[in-house]
1. Those residues that are of a type in the set (A, V, I, L, M, F, W, C), out of contact with any helix residue (DSSP H, G or I) (no Cβ under 7 Å at 6 or more places or on another chain) and in contact (Cβ under 8 Å) with a residue 24 or more places away in the chain, I need them from the stretch 65-105; list them, please.
2. Among Ser84, Ser109, Ser95, which is modelled with pLDDT under 80, among the hydroxyl-bearing types (Ser, Thr, Tyr) and farther than 30 Å from Leu47 by Cβ?
3. Return the pairs, sorted by first residue and then second, in which the second residue is hydroxyl-bearing (Ser, Thr, Tyr) and part of a helix (DSSP H, G or I), the first residue lies in the stretch 106-135 and is closer than 30 Å to Leu91 by Cβ and touching a residue at least 40 places away in the same chain (Cβ under 8 Å), the beta carbons are less than 8 Å apart, and the residues are 6+ apart or on different chains.
Amino acid sequence: MNKDTRLSGVLHVLLHLDHAKNPLTSTTLAKTMDTNPAVFRRMMAGLRDAGIVRSDRGPGGGWKLEQPLDKITLLDVYKAIGQSEIFCFGLRNDSSDCKVELAVNDVLSEAMDDAKIILLRQFDEIFLSQIAKQIDVSA
């Protein structure tokens, strides 16, 4: 089953940007995500639109943070990259007139909706600065 790793990858990039003394190019950052620069730029567009990062063209250009890590939450990043599905399983809708299937779908939908609310609430309480504190820069 494929997992959407964009959130994890983008967080990785943002933390690298925080440690960078100079702007980092799309080519350099794309390598950290094992993708190509064009795909990387598309992925970063939402972060740029949200004011989290900025990119400058030309010599000496590249990506840099627009906000300090203590102002950026996981929820900010999650929303900026497109709010991917939280759960990698879905509901069967083969027999919409089947009472068993409808009951199963109702219970699962409610549980997943509740879990998503809790997770997103937690994302809103975690700042990137908290993750940065866990990084041992001497390693």
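The values are calculated or read from the model by the stated rules, or taken from the named source; none is laboratory data. Not measured: the values here are computed from a predicted model. Note: ideal-geometry Cβ built from the backbone for every residue, glycine included; neighbour counts use all protein chains shown.
1. Cys88
2. That would be Ser95, the only listed residue that is modelled with pLDDT under 80, among the hydroxyl-bearing types (Ser, Thr, Tyr) and farther than 30 Å from Leu47 by Cβ.
3. What qualifies is Leu120/Tyr78; Phe123/Tyr78.
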